1. Would you call Thr204 under 16 Å from the mean Cα position of the chain (by Cα), among the β-branched types (Val, Ile, Thr) and modelled with pLDDT of 85 or more?
2. Take His126 and decide whether it is closer than 24 Å to Ser25 by Cβ, surrounded by fewer than 18 Cβ atoms within 10 Å (Cβ to Cβ) and free of Cβ contacts under 8 Å to residues at least 60 places away in the same chain.
3. For the stretch 245-266, does any single residue satisfy the condition of being at pLDDT 60 or above and either crowded, with 20+ Cβ neighbours inside 10 Å or among the small types (Gly, Ala, Ser) (or both)?
4. Sort out for me the helices (runs of 4 or more DSSP H) sitting completely within the stretch 39-148 that have 2 or more residues that are farther than 30 Å from Thr277 by Cα.
5. Name the one entry in Ala28, Ala22, Ala17 that is aliphatic (A, V, I, L, M), surrounded by 12 or more Cβ atoms within 10 Å (Cβ to Cβ) and either within 30 Å of Thr162 (Cα to Cα) or assigned by TED's automatic domain parsing to the domain that holds Gly148 (or both).
6. Say whether the condition of being in a helix (DSSP H, G or I) and closer than 26 Å to Ala66 by Cα is met by at least one residue in the stretch 162-170.
7. For the list (1) touching a helix residue (DSSP H, G or I) at 6+ places or on another chain (Cβ under 6 Å); (2) touching a residue at least 40 places away in the same chain (Cβ under 8 Å), I need the number of the one condition that Ala68 fails.
8. All but one of (1) within 20 Å of the chain's Cα centre (by Cα); (2) at pLDDT below 80; (3) not in a helix (DSSP H, G or I) hold for Pro178, so report the exception by its number.
Amino acid sequence: MRAKIRLMDVAGALLEAQAGVASRSQLAAIGVTRRVQDRLSAEGLLTRVTTGVLSARGVPDWYARAWAGVLVGGEHAVLGFEAAAHLHGLIKHAPDEIAVFVGPDRHAAPRIGWRFLRTWRKGSAHDPPRTSVKATVVDLCGEADEDGIAALLADALSARATTAADLLAELAGRARHPHRRLLRDILGDVAGGADSALEWRFLTGVERAHGLPEATRQAHAHHKHRSDAWYSAYGLLVELDGKLHHQGNGRFVDMIRDNDHALQGITTLRFGWAHVTGSSRCETATLLGQVLMMRGWEGPITPCNSCRLMHAV
């Protein structure tokens, strides 16, 4: 007990700030020598997290492991990808593998449970240090497929965690990005005044890709309401709903809007992000095309490349 009290007297502030973990070099710098560290470990007062990092709280939890990755990574190390996203609240579940950016001049040997990337990233003003929200989103988009990119952007923008302009600025600062064109297409329209990235995806991935009639955007089918897509010749509206519109007062406003339109004999279809990406956009196009044909459109619905690939399987 006295050894534990002495340890906390000397290293308590450091351990408290770092989720109970510290590197051997940090402990040595404040007077806890390697010999003392080994003795405290033998007594069970310190637990090995990974080579060079010890925990004063027994078996390390995820936050302790995240700090351990930063300590192994060195002075300029920052957490990235899913680890940073989890800390920023962008994703719910903490990843099993913790990504750490260590800089191009730093070498960190591979370790089970961590992924060390020899790339420089500036950390945000948080503990443990992590990439900024905008850098985290752009990084994750680099490893995601089309559906994943759409979901990432939808979540980040609808939660107001970042803005399209900030994401574009972050993207512009990258020498390379595997999905630069897609991100610039989506975010460019948002920053330029389009109603939403969701509307852009509907226009290009559902309507144009499948030969459907193009609706009038941001039109008034009813004098009290502006709608996302208005097929005036067919008495059909499409409303595109992001997360924020599915909650609270927004849902009530949507009901009023739909009821007002129904009194005029206008049908409303509602789609969200899950309906306009990947293979789901083809299903949405089929449904929309069928409703339009029921209302007089001659058709036909044109299969896109994804539709053809699905039919060939």
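The values are calculated or read from the model by the stated rules, or taken from the named source; none is laboratory data. Quick caveat: nothing in here was measured; it's all calculated off a predicted structure. All Cβ positions, glycine included, derive from the backbone under ideal geometry; neighbour counts span all protein chains shown.
1. no
2. yes
3. Within the stretch 245-266, none of the residues are at pLDDT 60 or above and either crowded, with 20+ Cβ neighbours inside 10 Å or among the small types (Gly, Ala, Ser) (or both).
4. Helices (runs of 4 or more DSSP H) meeting the threshold: 62-73.
5. Among Ala28, Ala22, Ala17, only Ala17 is aliphatic (A, V, I, L, M), surrounded by 12 or more Cβ atoms within 10 Å (Cβ to Cβ) and either within 30 Å of Thr162 (Cα to Cα) or assigned by TED's automatic domain parsing to the domain that holds Gly148 (or both).
6. Looking through the stretch 162-170, at least one residue is in a helix (DSSP H, G or I) and closer than 26 Å to Ala66 by Cα.
7. (1)
8. Unmet condition: (2).
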